[in-house]
Amino acid sequence: MANRGGQTGRRNRHYGDSVGNTAVKKFQMIDISDTEEMEYPAPRKVSGTRRRDREDDMPYRRNVEEYPVRRRQGEEYPTNRRTKREVPERRRANAAAIARRRRRKRQRLLAGALLAAGVIVVGGLLGTLLWKVVGRFRDADVLSGNTREERELIRENDTKKPLIKEEFLTVNPYSRPAEPLTEVRNIFVHYTANKDTSAEQNRSYFENLGITGERSASAHFVIGYEGEIIQCLPLDEIAYAVKTRNYDSISIECCYVDENGKFTDATYQSLLQLTAWLLREYKLTPNDVLRHYDVGGKKCPLYFVEHEDSWEQFRQDLTDYIMEE
């Protein structure tokens, strides 16, 4: 009886009624005809150890332990199983989020670098293509400003290379600096200003300038008064001939024997043939052949400066020579 009364008292206290048996009797008098019948296990005697285990499994105790209590200042977090399990998971989640952000940042940087490289490559290809297109137009003289007759003259120019003796100067800072000649826009005609000197003598004069350092002077070609042609410099190097036009022109020096600077017939014919061949090589016209006098005002070549009609006649003879060839 004592054990049964003890169990009944605990059950009544659980439902909040201070009266023991009376509360049970009142509970049993409730009409439950409309409800489903429920079977309750019969109470049984348990030892003290098992009773404590069952008390730990009571619902209200489990609810209290499942949900952590709000921590006050100075108190420690409750050490329950869920809290211990959630802290490492939260740390792993935070670490994973940081790793994802770093990975995305690296991916953005890599994408930006690839985009910049792609833009550079595409720009280079487009620039190369544009350069080739412009070069073709230039070769066709569409952008050069030449007239139809001049373009026709360029196409008809089939002048063969004349007999040229190559005697290149020694590289030196006064007559052969060996600097590149990247383009040719004009052909300049000069005279040696040394009466009765041959092409070999004038070539030797340019060579000696590298030793004496007296001045800077040279030319790509020297034509003797007997018509011989000596090449002193390669056509892809500059000459010290026209001060402001050395980097876009080719110069021809001509020997003479008359006091007025007039060229011999052999020199004149070699000048026509050499100039016509150079015009074909660089797709130029007779209008692109100039005197040294035309740039800088120096009286060179003397005879063509003092006799303007002779200079115009030379250009006409050059045109006729190209058309005949």
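The values are calculated or read from the model by the stated rules, or taken from the named source; none is laboratory data. It should be emphasised that the depicted structure is a prediction, and the values quoted were computed from it without experimental measurement. All Cβ positions, even for glycine, are placed from backbone atoms using ideal geometry, and neighbour counts span all protein chains on display.
Tabulated results
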quantity: Segment 256-279, subset surrounded by fewer than 21 Cβ atoms within 10 Å (Cβ to Cβ) and aromatic (Phe, Trp, Tyr), residue farthest from the chain's Cα centre (by Cα); calculated: 268
quantity: Enumeration of residues in segment 293-316 that are in contact (Cβ under 8 Å) with a residue 60 or more places away in the chain and touching a Ser or Thr at 6+ places or on another chain (Cβ under 8 Å); calculated: 295, 303, 304
quantity: Residue in segment 302-322 that is under 23 Å from residue 246 (Cα atoms) and part of a loop (DSSP other than H, G, I, E, B) present; calculated: no
quantity: Matching residues in segment 157-174 - criterion: being assigned to a loop (DSSP other than H, G, I, E, B) and among the polar types (S, T, N, Q); calculated: 157, 159, 170
quantity: Residue count for segment 198-212, restricted to those that are outside any helix (DSSP H, G or I) and either modelled with pLDDT under 95 or touching a Ser or Thr at 6+ places or on another chain (Cβ under 7 Å) (or both); calculated: 0
quantity: In segment 194-206, the residues that are buried (at least 17 other Cβ atoms within 10 Å of the Cβ) and either under 25 Å from residue 311 (Cβ atoms) or more than 49 Å from the chain's Cα centre (by Cα) (or both); calculated: 197, 198, 199, 202
quantity: Qualifying residue in segment 228-248 (condition: in contact with a helix residue (DSSP H, G or I) (Cβ under 6 Å, 6 or more places away or on another chain), in a loop (DSSP other than H, G, I, E, B) and either acidic (Asp, Glu) or closer than 18 Å to residue 165 by Cβ (or both)); calculated: yes
quantity: Long-range neighbours under 6 Å by Cβ, at least six apart or interchain, first residue of a type in the set (Lys, Arg) and surrounded by 11 or more Cβ atoms within 10 Å (Cβ to Cβ) within segment 140-169, second at pLDDT 85 or above and not in a loop (DSSP other than H, G, I, E, B); calculated: 161/277; 165/230
quantity: Test: residue in segment 280-287 that is assigned to a strand (DSSP E or B) and buried (at least 22 other Cβ atoms within 10 Å of the Cβ); calculated: no
quantity: From 211, 230, 238, 223, residue being within 24 Å of residue 313 (Cβ to Cβ) and aliphatic (A, V, I, L, M); calculated: 223
quantity: Hits in segment 160-171 (condition: more than 37 Å from the chain's Cα centre (by Cα) and not charged (D, E, K, R)); calculated: 162, 163, 164, 168, 169, 170
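Condition check ((1) buried (at least 21 other Cβ atoms within 10 Å of the Cβ); (2) closer than 17 Å to residue 271 by Cβ; (3) charged (D, E, K, R); (4) under 48 Å from the mean Cα position of the chain (by Cα)) across all residues:
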residue: 185; (1), (2), (3), (4): no, no, yes, yes
residue: 192; (1), (2), (3), (4): yes, yes, no, no
residue: 208; (1), (2), (3), (4): no, no, no, yes
residue: 217; (1), (2), (3), (4): no, no, no, yes
residue: 220; (1), (2), (3), (4): yes, yes, no, yes
residue: 232; (1), (2), (3), (4): yes, yes, no, yes
residue: 237; (1), (2), (3), (4): no, no, yes, yes
residue: 241; (1), (2), (3), (4): yes, yes, no, yes
